[in-house]
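Q: Following this message is one structure expressed as structure tokens.
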Amino acid sequence: MSGDAEGLGKALAAEHAAVFAYGLIGARTSGTLRSKATRAFDAHRARRDQLRTLITARGGRPAEAEPSYSLPLVPSTPADAVRLAVQIETGMTAAYLELVASDDAALRKYAALAMQEAVARSYAFRPAIGTAFPGMPGTPSPAPSPASPPASPSTPTGG
């Protein structure tokens, strides 16, 4: 069960960071992008609060949010904001990955749903399929399909 406590703590720390990052994204964007960021902010706040409750119910003490978080980039353009949002959601998927191995079926389901939501939010910001198993360390990029054109055109040999 201590593994569950550690996994819950990692997920909570990631949710704290996501709330911070989406607050920044929301403050630096407008229109549809701000609406998406606001929905993501609200979703991460809800998950954060649920995790705090889960940790407390298991006799733990949930960590408080840091006053600030180091981000991979500070968005100054809409493209930067999208890039940061996708990175946040990829990180969230990885943060919940440990919990899907829990012995507790309810916790496994909770973590799997959180991962699914993170992948869906990432896709909403940038509709592209990045990896077959987002969040898994060392996951290679998907191989091109047999119908994909070759990477470079072949040069005909003379004759």
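Read-outs: derived from the displayed coordinates by stated rules, not from any lab. None of the values given here were measured: they were computed from a predicted structure. Cβ placement follows ideal geometry from the backbone for every residue including glycine, while neighbour counts extend to all protein chains displayed.
Q: Please list, by residue number, every one of the trypsin sites (Lys or Arg not before Pro) in the stretch 18-47 that is coil in DSSP and has at most 10 other beta-carbon atoms within 10 Å.
A: none
Q: Could you give each residue of the stretch 23-31 its phi-based ³J(HN,Hα) in whole Hz, using Karplus coefficients 6.51, -1.76, 1.60 with θ = phi - 60°, and x for Gly or Pro?
A: Using θ = phi - 60°, the values come out as x, 5, 4, x, 6, 10, 10, 8, x Hz.
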